[in-house]
Each structure stands twice: as structure tokens, then as C-alpha cells.
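Asks: Structure incoming, see below.
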Amino acid sequence: MREDPGAPKINYLRLSVTDRCNLRCRYCTYWQDWRKLPSKEILSYEELLRLAAIAGEIGISKVRITGGEPLVRRGLAEFLGKLHQVSGITKVCLTTNGVLLSELAPALYDTGLRHVNVSLDTLQRERYRQITGRDNFAEVLSGLERAASLGFHPLKINCVVLKGINDDEILNLALLARDHPYQVRFIELMPTVSQEWWQRHFLPLPEVRQRLTGLGPLLPATREATAGPARNFRLPGFQGELGFITPMSGHHCRTCNRLRLTADGKLRPCLMQACELDLKKPLRLDLGDGLISYLFKEALELKARRACLPITPSYHPGRSMVSIGG
Ligand code: SAM
């Protein structure tokens, strides 16, 4: 298969710093054989920095820290401070569930971090508990407020739309972007859950957009060079923006610009394909940066060929989302 000349440059790495999480979101932690990695399998911060430096050399300029829940890993702020210094990496972002954000936001801000995504699927406390398995709704809201008051920008809210669970809140969630300078992003549920659960709760985003027509015209927002597959829109009278991420109803592979590195050092060219290149082994056997750089380039090559298949309901990534990094 030939490379696609119109496809975006692959310059974005999602780096999972842990597979541990303080929530148990139904759609994220599902997998028959999901179990936590033994601690020694998780890459140290030194190892992650070395991989980030190699990634920076081969053209990765944007790194998003993810997990598991990255804020549960001790020493994250210090690590972020060092990551900001890595040559070639010009943009560092973080995705969090927000539970510990209020407490850690000042230290994170001091590292130079500004771009934070917070996952929040509901504005109702009891529903939040049902979706996440934990009663931390209030902490997430105060985390968002603290982050906004400190000046984190953009602050994005990731909201997985779940038919029959939170789809009656689509309008209220969208209105967060009217009342705050947040970018509220609706995400289609991916089949990293049982077939039955996915069938029951999947809602295609065109239907979500339909339900938002009363808010006014969706005006396309400008896209950055490192932007992912989200389609973002401004609305008259809104401080923030709305975004739509459609891995199911809109085949993303052509616009996907990201690689993923799992907490145990496996490089994945595609979220939904089980194909992984092991970077931990050459790293720990000290086989040299040249080999690791070669493996990164292999992943880029696989990705550039856009050899991915459309995600179908029967597709599975071989791991739960919490252990891939979302
Ligand atoms: N713990 C952090 C958080 O909650 O944002 C980062 C890791 S989490 C795996 C990253 C993102 O993946 C979250 O926004 C989550 O909602 C999303 N996600 C997990 N499973 C998903 C699924 N089956 N379909 C769509 N999005 C999913």
C-alpha cells in the first residue's frame, strides 16, 4: 500500500505513565483479562524521558500524558518539568479524570503545562458514581474550576456519549462551553467493551449534533497542525467551543496523527489494532538509541501506510483502554 500524500504528519505521541486509575469507568476498564501491570514492568520516568528524547529526534513534537490516571503517579509534576525541556517536543498536554486536579493543578502549572483535557461524562453526581464507580463528582468540578482560575488553556472536557446513560445531558454538557471557556468534546463510544454493552450504549455523533441544532450554527474552528481527529466548532454567544470525535461513524485513520506508548513500553501505531512494538526490551537491555529510533520509525512507517482498518463493532484492541492509554 502506498503512503497517502494528503495525510497529516505523524507528530503526536500519547505517553501512558501508568495503568493505575482511581476510577473504574465502565467503558474503560472492561476487558476479560485486564489486570494491573507489575510495578517493575512500568517504565520509570528516566526511561520515559529517554524515549521522549528519541521520539523528539524523529519528528514527534507533541506529547500527551495519559494513563490509567496520570495524576495518581507520584512525581508527575517533576517529570513534566523535564519533559518540557526535551529537544523537539514543543507541546506537552495532559489527559486526566480530574479527581486530583484541584490539589495538583498549581504544581502542574508551574511546570509550564497549559493544555489539559478532563474526562467528564455527566453533570449529575449519582450518575457520575454509576459511570465511574466512585463518588468523586465534586472533586472533578473543583479541579476544573481551579485549573481554569490558574489559567490553564485550552481546557477540554472529554465526554463519551452513552445512549441510555447520559444522552439526555447532551445539551447541558454542551452549555458548559457557553458558560465557561471550555472546549466540550463529545466522543463516540468505542467497542472496548462487551459487544452487548457497546450495542446497547453506542450513539452515533451525527445524532448528537442533530440534537444540538437549537444552539445555533456550528462554525468550524481553526485547526492546529498537531490537532487530532476532533472536529471543533464555535457557536455564537459561546465562550468555549464544541468538538466531535467520531472513531466509529467517521473513519479516522486518514487524519490520525498519533502513536501511543503504553506504560509498559509498547508502541502502538493504532489504538484499535493489537499490533505493538516493544521498546522496553531494547531499552532495558541497553541495546542503544539507534535500535529504539529504528522501532519508532517502523511504527511511523506502518502508520503512514494507513494500513489500519475501519473500527467495526466486532473489533477489539487486545487490551482495555485503561491499559493502552486512550
Ligand atoms: N484517566 C484519564 C482520563 O480519564 O481522562 C486518561 C486515560 S483515559 C483511558 C483517556 C480517555 O479515553 C478518556 O477521555 C476516556 O473517556 C476515553 N475512553 C476510554 N474508553 C473509551 C471508549 N470505550 N470509547 C471512547 N472513549 C473512551
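Asks: For Val140, indicate whether it is touching a helix residue (DSSP H, G or I) at 6+ places or on another chain (Cβ under 9 Å), within 15 Å of the ligand (Cβ to nearest atom) and under 29 Å from Pro106 (Cα atoms).
Replies: Answer is yes for this residue.
Asks: Also, I was wondering about something else. Take the stretch 178-215 and flag every residue that is farther than 25 Å from Gly325 by Cα and in contact with a Gly (Cβ under 7 Å, 6 or more places away or on another chain).
Replies: Within the stretch 178-215, the first condition is being farther than 25 Å from Gly325 by Cα, and the residues that meet it are 178-181, 206-215.
Of everything in the stretch 178-215, those that are farther than 25 Å from Gly325 by Cα and in contact with a Gly (Cβ under 7 Å, 6 or more places away or on another chain) turn out to be Arg178, His180, Pro181.
Asks: So, in the stretch 70-84, of the ones that are of a type outside the set (A, V, I, L, M, F, W, C) and touching a helix residue (DSSP H, G or I) at 6+ places or on another chain (Cβ under 9 Å), which residue ends up least open to solvent (accessible area, probe 1.4 Å)? Give the steps one after another, and end with the answer.
Replies: Within the stretch 70-84, the subset of a type outside the set (A, V, I, L, M, F, W, C) is 70, 73-75, 78, 81-82, 84.
Narrowing further to those that are touching a helix residue (DSSP H, G or I) at 6+ places or on another chain (Cβ under 9 Å): 70, 73, 75, 78, 81-82.
On the way: Pro70: 0, Arg73: 52, Gly75: 41, Glu78: 121, Gly81: 22, Lys82: 99 Å².
So, considering only residues that are of a type outside the set (A, V, I, L, M, F, W, C) and touching a helix residue (DSSP H, G or I) at 6+ places or on another chain (Cβ under 9 Å), the one least open to solvent (accessible area, probe 1.4 Å) is Pro70.
Asks: Would the stretch 41-63 turn up any residue that is surrounded by 17 or more Cβ atoms within 10 Å (Cβ to Cβ) and closer than 26 Å to Asp121 by Cα?
Replies: So far as the stretch 41-63 goes, yes, one or more of its residues are surrounded by 17 or more Cβ atoms within 10 Å (Cβ to Cβ) and closer than 26 Å to Asp121 by Cα.
Asks: Return the residue satisfying two criteria in turn: it lies in the stretch 55-89 and is away from the ligand (no atom under 16 Å from the Cβ) and of a type in the set (Ser, Thr, Tyr), and of such residues it is farthest from Lys266 (Cα to Cα).
Replies: Ser87
Asks: Select, from Val92, Val86, Val99, Val63, the only residue that is within 27 Å of Ala299 (Cα to Cα), part of a loop (DSSP other than H, G, I, E, B) and modelled with pLDDT of 95 or more.
Replies: Values: Val92 fails: part of a loop (DSSP other than H, G, I, E, B); Val99 fails: within 27 Å of Ala299 (Cα to Cα); Val63 fails: part of a loop (DSSP other than H, G, I, E, B).
Of the residues listed, the single one that is within 27 Å of Ala299 (Cα to Cα), part of a loop (DSSP other than H, G, I, E, B) and modelled with pLDDT of 95 or more is Val86.
Asks: I'm told Arg231 meets every condition in (1) basic (Lys, Arg); (2) more than 16 Å from the chain's Cα centre (by Cα); (3) within 18 Å of Asn158 (Cα to Cα) except one. Can you identify the failing condition by its number?
Replies: (2)
Asks: I've got another one for you. Given the criteria under 21 Å from Asn117 (Cα atoms), without any contact (Cβ under 8 Å) to a residue 40 or more places away in the chain and not charged (D, E, K, R), does Thr95 qualify?
Replies: On the way: under 21 Å from Asn117 (Cα atoms): yes; without any contact (Cβ under 8 Å) to a residue 40 or more places away in the chain: no; not charged (D, E, K, R): yes.
The answer is no for Thr95.
Asks: Then there is this: Name the single residue, out of those in the stretch 90-118 being surrounded by fewer than 21 Cβ atoms within 10 Å (Cβ to Cβ) and small (Gly, Ala, Ser), that is farthest from the ligand (Cβ to nearest atom).
Replies: The selected residue is Gly112.
Asks: Under 6 Å between Cβ atoms, at least 6 apart or on separate chains: pull out the pairs that start in the stretch 280-291 with a residue that is closer than 22 Å to Ser39 by Cα and end on any residue that is open to solvent by 20 Å² or more (accessible area, probe 1.4 Å) and of a type in the set (Lys, Arg).
Replies: Pairs found: none.
Asks: Looking only at helices (runs of 4 or more DSSP H) that lie completely in the stretch 156-275, which have at least 2 residues being within 13 Å of the ligand (Cβ to nearest atom) and touching a residue at least 60 places away in the same chain (Cβ under 8 Å)?
Replies: Numbers: elements: 170-179, 195-201, 205-211.
Of the helices (runs of 4 or more DSSP H) lying wholly inside the stretch 156-275, those with at least 2 residues that are within 13 Å of the ligand (Cβ to nearest atom) and touching a residue at least 60 places away in the same chain (Cβ under 8 Å) span 195-201.
The values are calculated or read from the model by the stated rules, or taken from the named source; none is laboratory data. Note that the structure is a prediction, hence the values are computed from the model and not measured. Note that we place each Cβ from the backbone using ideal geometry, even for glycine, and neighbour counts take in every protein chain shown. Accessible surface areas use protein heavy atoms only, side chains included; no ligands, DNA or RNA. Shrake-Rupley method; radii C 1.70, N 1.55, O 1.52, S 1.80 Å.
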